[in-house]
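The values are calculated or read from the model by the stated rules, or taken from the named source; none is laboratory data. None of the values given here were measured: they were computed from a predicted structure. A quick note on method: Cβ atoms are made from the backbone with ideal geometry, for glycine too, and the neighbour counts reach across all protein chains shown.
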Amino acid sequence: MAAEPIIDVQHLEHTYMKGTPFVHQALTGVSITVYSGECVAIIGHTGSGKSTLVQHFNGLILPQKGKVIVDGADLSDKKTDMKGLRQKVGLVFQDPESQIFESLVGDEIAYGPFKMGWPIKDVRDAVKGAMEMAGLPFDAMKDRPTAALSGGQKRKVALAGVLALKPKILVLDEPTAGLDPRSGMELLGRLKTLNEQEHLTIVFISHHLEEVAYLADRIYVLDHGKNIGEGSPATLFSNKKMLEKYRIGTPETVDILYRLQDAGFSVNVAHYGIAEVASQICSILEHGPRRDRYDTV
Ligand SMILES: Nc1ncnc2c1ncn2[C@@H]1O[C@H](COP(=O)(O)OP(=O)(O)O)[C@@H](O)[C@H]1O
Ligand SMILES: [Mg+2]
């Protein structure tokens, strides 16, 4: 991991509908740091402020109180170039329909690059590259009407539209919500490639702890508008006290390991990969509960 913070949020607060009877403080003091090249997951119950937080990253919401620094730019500074920021930070909303305006797939994906004033050839190359990265074959899909796409295809179009701008940071709000398991897995594989091979910094919100375990280098846990936990998936999933206190779900494999632990077997919860769990179970079957092996964990 590079040691350069690309997103730095300090003591961020946000109140919706100030001065009305519907006033609601969605962020009560969030501090998070994302380093260049990382893949960071943000988890937490519905209403904990996840979407509000990530909408600050590309300036859709400006800081009311606290600091948001993105790639060196202070978003409280009126001189910050917001157009540049939107290009640098691609945000894919939870609801892909809300992001699609054009009637043809190709036009939709080209919209951002056109608005940036790129030469036509660069726009075409960017659209083609982004479509391939998002899993949309260029020739077969570019002239398809957006209205006739399935939910999963719309999500791919929204992702391609964001990737076409060649962002440095990709932010996704519940990227697999509403996708069938296969499309979800394909998308996760693509995101992993973008992060590992293209070195794109990724921040994503998710309720699926399996996908968090698969993708994230680090996790932030939000509760009532502030961050209450941070760590690698292995560290966080091994912290039973915290999981119970905040009722954070865990991947099924972690669940199985905790159940084995509760039943008196000595297992290492930090080794929750499917192959690792299988080998821990085999070892119990073969040798019985060897308490000495994991007593240090
Ligand atoms: N536009 C809005 N106006 C008023 N309240 C909002 C608005 N958006 C979100 N909220 C409220 O702020 C809180 C945090 O919302 P959100 O950031 O969407 O949480 P999450 O993404 O974790 O579910 C919730 O209580 C939600 O109802
Ligand atoms: Mg949300």
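Within segment 58-98, track down each residue that is closer than 19 Å to Ile6 by Cβ and among the polar types (S, T, N, Q). The answer is Asn58, Ser76, Thr80, Gln87. Residues being in contact with an Asp or Glu (Cβ under 6 Å, 6 or more places away or on another chain) and within 16 Å of ligand 1 (Cβ to nearest atom) are entirely absent from segment 71-92. Taking the listed residues Gln87, Gln55, Gln64, the one that is over 30 Å from Lys156 (Cα atoms) and not basic (Lys, Arg) is Gln64, with no other qualifying.
Of the helices (runs of 4 or more DSSP H) contained entirely in segment 75-145, those carrying at least 2 residues that are buried (at least 21 other Cβ atoms within 10 Å of the Cβ), not acidic (Asp, Glu) and not assigned by TED's automatic domain parsing to the domain that holds Val157 fall at 105-115, 120-134. The combined condition, being under 30 Å from Lys128 (Cα atoms), over 17 Å from the mean Cα position of the chain (by Cα) and in contact (Cβ under 8 Å) with a residue 12 or more places away in the chain, is not fulfilled by Lys168.
Filtering segment 159-189 to residues that are out of contact with any Leu (no Cβ under 9 Å at 6 or more places or on another chain), under 19 Å from Leu85 (Cβ atoms) and assigned to a helix (DSSP H, G or I) leaves only Gly161.
Conditions tested, residue by residue: (1) among the basic types (Lys, Arg); (2) exposed (fewer than 15 other Cβ atoms within 10 Å of the Cβ); (3) without any contact (Cβ under 8 Å) to a residue 24 or more places away in the chain; (4) more than 8 Å from ligand 1 (Cβ to nearest atom).
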{"site": "Thr15", "(1), (2), (3), (4)": "no, no, no, yes"}
{"site": "Gly19", "(1), (2), (3), (4)": "no, yes, yes, yes"}
{"site": "Val23", "(1), (2), (3), (4)": "no, yes, yes, yes"}
{"site": "Ser31", "(1), (2), (3), (4)": "no, no, no, yes"}
{"site": "Val34", "(1), (2), (3), (4)": "no, no, no, yes"}
{"site": "Val40", "(1), (2), (3), (4)": "no, no, no, yes"}
{"site": "Gly49", "(1), (2), (3), (4)": "no, no, no, no"}
{"site": "Thr52", "(1), (2), (3), (4)": "no, no, no, no"}
{"site": "Gly59", "(1), (2), (3), (4)": "no, no, no, yes"}
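For segment 247-269, enumerate the residues that are buried (at least 18 other Cβ atoms within 10 Å of the Cβ) and closer than 23 Å to Asn227 by Cα. If the condition is that a residue be buried (at least 18 other Cβ atoms within 10 Å of the Cβ) and closer than 23 Å to Asn227 by Cα, then Ile248, Thr250, Pro251, Val254 are the ones that fit. List the number of the failed condition for Leu243; all other conditions in (1) modelled with pLDDT of 90 or more; (2) in a helix (DSSP H, G or I); (3) within 28 Å of Gln94 (Cβ to Cβ) hold. Failed condition: (1).
Got at least one residue in segment 207-228 being part of a loop (DSSP other than H, G, I, E, B) and at pLDDT below 95?
yes
Somewhere in segment 30-39, is a residue away from ligand 2 (no atom under 16 Å from the Cβ), of a type in the set (S, T, N, Q), part of a loop (DSSP other than H, G, I, E, B) and at pLDDT 95 or above? For segment 30-39, residues away from ligand 2 (no atom under 16 Å from the Cβ), of a type in the set (S, T, N, Q), part of a loop (DSSP other than H, G, I, E, B) and at pLDDT 95 or above: present.
Restricting attention to segment 130-148, the residues that are modelled with pLDDT of 95 or more and within 17 Å of Pro167 (Cβ to Cβ) total 2. Counting the residues of segment 40-74 that are part of a loop (DSSP other than H, G, I, E, B) and within 16 Å of ligand 2 (Cβ to nearest atom) gives 12.
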